[in-house]
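The values are calculated or read from the model by the stated rules, or taken from the named source; none is laboratory data. Quick caveat: nothing in here was measured; it's all calculated off a predicted structure. Cβ sites come from the backbone with ideal geometry, for glycine too, and all protein chains shown count toward neighbours.
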Amino acid sequence: MDAELQVHPRAVVCNESIITGSVTIGADSVVHPKAIIRATKGPIVIGERNLIEETALIENTNEDGAPLVIGDDNYVEIGAVVRARSIGSRNVFGIQCVVGAEVIVTDACSIGVRCSVLKRGDLAPRTCVYGEHNQRRTAAIDPEPPTSLLEVLRKVFPSYHHLKKATVSSA
Amino acid sequence: MAELLQLDRILYECSCSEWAPLCRLFYCRHCSILRCHSCTANEIDCTFCGTCLENVAVGEARTRKNRCVNCYQCPICCSTLSAHNSGEAIFLSCSTCKWSTFESDIQQQATAGNWKILENPHEEELSCVLDQMKQYELNEKAQRDILKRRSNVVGSRLTDRFGLQQMYQKRKQALERPTWLAPEKEPITVLDELYDSHFTSIVDLSKSLSLESRIMQPLSRGSECRPIRMPLKGRRVLRCTQCTHNLSKLEYSPSSIVFKIQYFARTYVPEIRLWQETKLAEGGICPVFISVVNESVAKADVVLLANNDDSSLECETPVVEFSLPPHDENSDNLSHSISSLTPEDDTIILRKRNRVGLKLCVKVDEVREMNILSLILKWKNELTSMTSDKGQEWRETRVKVLLGKS
């Protein structure tokens, strides 16, 4: 199972994270313990500087077996359920939000806490889903990437958690 | 099980014959009666900003139009805006809907506070009209005064030895009808034509403001938005309407949550709670398990009487008498020591410090959606009155226990 997992040497992936199927994790990304990444229908490719928090679920449910490609600087907060078809860069998935299959998340979108995006189709860049009724609007600026948080976690996790070993040589 | 802790399952009768859960009631020790929110006098004790907790004096709040000058609200979703630093300048952004000042006409500025808010373009004209109306008010007041005094003729004959002439002139001036100085508005005769395109053109809803945000900023015409100053909050003081003593008053600082005066009913009146869910079967005698707790720091004697006239159920236990020890703050609430597990009689089946468990028997006559058990609670507690001799009197209130369907 782990043979299919490819971790960049600079990525920090905790051993207690639950990763199944063919998953690639890029440089400087951090995967918390108890985060779930499931490559059910096809592989998952995660880019650089992504932060995936505990109990968040990322699953590839693409019926055609296409890979779920996740860009850079994405922030998947606690308990978020992301089953999108593809994900761009600089997106923020809020706590316990739900992104359904067949949703194409472009760049700099932010899904609010407990919001859901289930309708198939594109989420235009900088779309913000917020509030109880999943209102949508287009923001003028990108959501702030969790840069400082990533830096801290990259230092802290190796001292307190067992990590999954890197399998990709840093080229 | 959580159903048992619902507030509206047990209702107490207030002195104004309203029914409310005990935790929402107050107890006036000066009048020795229960008080609820609707029979107390409410007054604003202090105005403060709920975000920065700054205390604003009432007069100042009025000049600031009841708004905080430091905190801002999102014009889209009402959440608090937070200041962010982008190099040199500062911008505000909302963490919920991601609205930012980049979407307004003032994108960034050097300081975090003092953002320009939308202003009324007719401000000057309106204040001019207001001044005029004040002059008219003075004029009318002077006319009314003259009718009262009827001493208008002497003034002209007086010399100005005592400065009376000046006073007289002033009053005479006040009597003259002021001339209207504010610009007059011509009534509009020709209205803009209503074009069909108003109804046929496609509207981009994502660009227009929602009704809520239009209401929040009435001065914004169209789609312009600016940060909105945070409305101030008022903190209330409750007073007994009869004796005007305070029933609930917080400490001066808005950030403090310590009460200076608190007369909550729960600390003076024994509290009745459901202990187990009651299963009511038609035609039989069913047990109802309730517990009575004494939260006051004095011993309480309690008498529970069945009030079968008001009840939809017949209570077969007519009277229960017991006394409860005071509530001890130092005792460990988590310890499971039960003072007496063996039932004292058929009714009192458990005692645990300041709590007693009762088993009342009720007779169910017919099937109902809601069965109400009505009780009369009598209690004697030396704290129920300010004067010590009156503290030995029995107090009484009616209690409704909502048992559910049979």
| said: Yes or no: the stretch B:72-91 includes at least one residue that is of a type in the set (D, E, K, R), surrounded by 15 or more Cβ atoms within 10 Å (Cβ to Cβ) and at negative phi. | reply: no
| In the stretch A:145-167, which residue that is surrounded by 15 or more Cβ atoms within 10 Å (Cβ to Cβ) and assigned to a loop (DSSP other than H, G, I, E, B) is modelled with the highest pLDDT? | A:HIS161
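A quick yes/no check of all residues on (1) part of a loop (DSSP other than H, G, I, E, B); (2) among the β-branched types (Val, Ile, Thr); (3) surrounded by fewer than 18 Cβ atoms within 10 Å (Cβ to Cβ):
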position: B:LEU238; (1), (2), (3): no, no, no
position: B:GLN242; (1), (2), (3): yes, no, yes
position: B:LEU247; (1), (2), (3): no, no, no
position: B:LYS260; (1), (2), (3): no, no, yes
position: B:VAL269; (1), (2), (3): yes, yes, no
position: B:ARG273; (1), (2), (3): no, no, yes
position: B:LYS279; (1), (2), (3): yes, no, yes
position: B:GLU282; (1), (2), (3): yes, no, yes
position: B:GLU295; (1), (2), (3): yes, no, no
| request: Please identify the pairs in which a residue from the stretch B:384-404 that is closer than 27 Å to B:SER374 by Cβ and at pLDDT below 85 has its Cβ atom under 8 Å from the Cβ atom of a residue that is surrounded by 18 or more Cβ atoms within 10 Å (Cβ to Cβ) and aromatic (Phe, Trp, Tyr), counting only partners at least 6 apart or on another chain. | output: B:THR384/B:TYR27; B:THR384/B:TYR268
| task | Select from the stretch A:116-130 the residues that are surrounded by 16 or more Cβ atoms within 10 Å (Cβ to Cβ), out of contact with any Lys or Arg (no Cβ under 6 Å at 6 or more places or on another chain) and of a type in the set (A, V, I, L, M, F, W, C) and write down the one among them that is farthest from the other protein chains (Cβ to nearest Cβ). | result | A:VAL117
| field | Residue ID - surrounded by the most Cβ atoms within 10 Å (Cβ to Cβ), chosen from residues in the stretch A:1-48 that are out of contact with any strand residue (DSSP E or B) (no Cβ under 9 Å at 6 or more places or on another chain) and charged (D, E, K, R) | value | A:GLU48
| field | Failed condition for B:SER32, given (1) surrounded by 14 or more Cβ atoms within 10 Å (Cβ to Cβ); (2) closer than 17 Å to B:ILE290 by Cβ | value | (2)
| note | Within the stretch B:114-124, residues being touching a strand residue (DSSP E or B) at 6+ places or on another chain (Cβ under 9 Å) and either modelled with pLDDT of 90 or more or among the acidic types (Asp, Glu) (or both) number 0
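Hey, which of the strands (runs of 3 or more DSSP E) in the stretch B:55-113, taking only ones fully inside, have at least 1 residues that are within 13 Å of chain A (Cβ to nearest Cβ), at pLDDT 90 or above and farther than 23 Å from B:SER253 by Cα? Before you say what the answer is, go through the steps one by one.
Working: elements: B:67-73, B:81-86, B:89-94.
In the stretch B:55-113, the matching strands (runs of 3 or more DSSP E) lie at B:81-86, B:89-94.
Does A:ARG90 satisfy being away from chain B (no Cβ under 14 Å) and either on the phi > 0 side of the Ramachandran plot or touching a residue at least 12 places away in the same chain (Cβ under 8 Å) (or both)?
Working: away from chain B (no Cβ under 14 Å): no; either on the phi > 0 side of the Ramachandran plot or touching a residue at least 12 places away in the same chain (Cβ under 8 Å) (or both): yes.
No, not satisfied.
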| Could you say which residue among A:VAL76, A:VAL98, A:VAL82 is modelled with pLDDT of 95 or more, more than 20 Å from A:PRO33 (Cβ to Cβ), more than 14 Å from chain B (Cβ to nearest Cβ) and within 16 Å of the chain's Cα centre (by Cα)? | A:VAL98
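Take the residues in the stretch A:131-150 that are of a type in the set (A, V, I, L, M, F, W, C) and out of contact with any helix residue (DSSP H, G or I) (no Cβ under 9 Å at 6 or more places or on another chain), then tell me which one is nearest to the other protein chains (Cβ to nearest Cβ).
The selected residue is A:LEU149.
If you take the residues in the stretch A:103-115 that are within 14 Å of A:SER89 (Cα to Cα) and surrounded by fewer than 20 Cβ atoms within 10 Å (Cβ to Cβ), which one is farthest from the other protein chains (Cβ to nearest Cβ)?
First, pick out the residues of the stretch A:103-115 that are within 14 Å of A:SER89 (Cα to Cα): A:104-111.
Next, only the ones that are surrounded by fewer than 20 Cβ atoms within 10 Å (Cβ to Cβ) stay: A:104, A:106-107.
Numbers: A:ILE104: 19, A:THR106: 15, A:ASP107: 14 Å.
For the stretch A:103-115, the residue satisfying everything is A:ILE104.
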